[in-house]
Every structure is written in C-alpha cells, then in structure tokens.
Amino acid sequence: MKTLFQFITLFAVALLTVTSCSKEDVNVVEDVENYTDEVVYEIERECNAGHRGCFEFVWPLGIAFPDGETEQFDDYQALKDGIKAWKEANPDATERPQLAFPLDIIGNDGTLYTLDSRQELKAVVKRCIKAYWNNSDHRNHFNNSCFRMVFPINIKYPNGNVATFTNKHDLKAALRIWKNANPDAEQRPHLAFPVNLILKSSGNVVTVDSRLDLIRLKNVCSGD
C-alpha cells in the first residue's frame, strides 16, 4: 500500500510538472506571436501603409534589428517569419526591429517615394492621415496590403522618360539612383498606366488605367 501511495504521488508530481511546462510553452509561443504582430503593425502604422492606409510598400523591405543586423524581406509573410525567428533567438529582447532606410513606398495615386530618413517619411505620411490608425491595434492586422504589382511595369520620370522594370529589385535600385541624383526634386517618379495589380483580398488581377482609378481602388480596398 505504501509503495502504491508513493507511485501515485510521484505520478501526480510528474503530471503537474508536465502541465506546468506545457503552459509555459504556450505562453512563450503567445508572447512571440504578439511581439511579431505588434512589430509588423507598428511598421505599417509608421508608414500609413496597407489596405486602410495611403501607401503600399515597394518590396523588398529593409528591417534593422536591435542587434545591428539589417535584413531584406520580399513580402509580408517573409517579414513576419523573419521577425518571429529573431524573437525566438532573442527571447529576452525588449527593443523592437524598425524600418531601415532608404525606404520605398507607393502612394494611392501611383507616386513612388524613395525616403532616405525617418524625417522624410514623416513629412510624406503627414499629408495623408486616416482615422483608421487611431482606432485599431495589432490584432488581426497582419498582411494588411491592398495589392501587389505585376511585373513588368513602366515608371514615368518627371522629365517624361519612361522605363520598364521586370522585377522589384531592379525597380528599387533605379528609384534610389534617381533619388540620389535628384535629392531636392519636388516631382517624383510614378506608375505609368495602365498597370496590372494583384488584389490581396481575392488574388484577382485587375488592370488600372489611370491615377484616378488607382485612388478609387485604394478607397474600395479600405472601405471608404
């Protein structure tokens, strides 16, 4: 009887230990997921980007991590996976990854912005502040883009020249070369219409024929 009692006691202790560890594991996973979602949300908020914002990212997107490393991500899923992996490798970190500059974004009228600093970003973003950001948080916010561009695309420069790009990497490189050569230009490159876009909500490809049509598309996307 004594042996049976000891066995039951040991089994109960082991069960409690396993249960406690399982709860701790769940908490760790939840902490990492919350951290990841909050970081992605704050990055979007800073740029007023996404389907309810005024801008979309021109991928790849550079992110500066607290340990000094900078990485490029090709889309939202890669961004989330990268931030999650970093947090798992740095569970005690309290600082958060941030945008790396230069940064490229596209306005709701097709204008392309290459921004060399956070100050430049703020100056552009303050022109279009939507109330959505004042009444939301990071929950259910991930993968918030409205569309992605279908390559090849044509870009029209302020001097009237039009260039064709077959991939996003060449596009970003060209935008930065232009910005470096024209740091004080008031006019900026913009999409040359028509342009094909893939809607993130449905996966359908739509052809946008003008700046006005692109603005309307963004408004529909945001529910305005």
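The values are calculated or read from the model by the stated rules, or taken from the named source; none is laboratory data. The structure displayed is predicted, hence computed values, not measured ones. As a convention, Cβ positions derive from the backbone with ideal geometry for all residues, glycine included, and neighbour counts pool all protein chains shown.
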- Item | When residues of segment 85-105 are limited to those that are hydrophobic (A, V, I, L, M, F, W, C) and modelled with pLDDT of 95 or more, the one surrounded by the fewest Cβ atoms within 10 Å (Cβ to Cβ) | Ala89
- Message: Here's a check for you: in segment 174-192, which residue that is surrounded by 17 or more Cβ atoms within 10 Å (Cβ to Cβ) and either of a type outside the set (A, V, I, L, M) or in contact with a Pro (Cβ under 7 Å, 6 or more places away or on another chain) (or both) is farthest from Asn161 (Cα to Cα)?
- Response: Lys179
- Task: Could you grab me the full set of residues in segment 63-109 that are of a type in the set (Gly, Ala, Ser), farther than 20 Å from Leu175 by Cβ and over 14 Å from the mean Cα position of the chain (by Cα)?
- Result: Gly68, Ala85, Ala89, Ala93
- Considering only residues of segment 1-57 that are surrounded by 17 or more Cβ atoms within 10 Å (Cβ to Cβ) and among the small types (Gly, Ala, Ser), which is modelled with the highest pLDDT? Ala49
- Message: Restricting to segment 194-204, and then to whatever is at pLDDT 95 or above and surrounded by fewer than 17 Cβ atoms within 10 Å (Cβ to Cβ), can you tell me which residue is nearest to the chain's Cα centre (by Cα)?
- Response: Asn196
- Query: With respect to Gly53, is the statement that it is closer than 11 Å to Ser145 by Cα and not in a strand (DSSP E or B) true?
  - Reply: yes
- Message: Filter segment 73-115 down to the residues that are under 21 Å from Pro189 (Cβ atoms) and part of a strand (DSSP E or B) and list them by number.
- Response: Leu99, Leu103, Asp104, Ile105, Ile106, Gly107, Thr111, Leu112, Tyr113, Thr114, Leu115
- Query: Within the bounds of segment 116-139, is there any residue that is part of a loop (DSSP other than H, G, I, E, B), in contact with a helix residue (DSSP H, G or I) (Cβ under 6 Å, 6 or more places away or on another chain) and modelled with pLDDT under 95?
  - Reply: yes
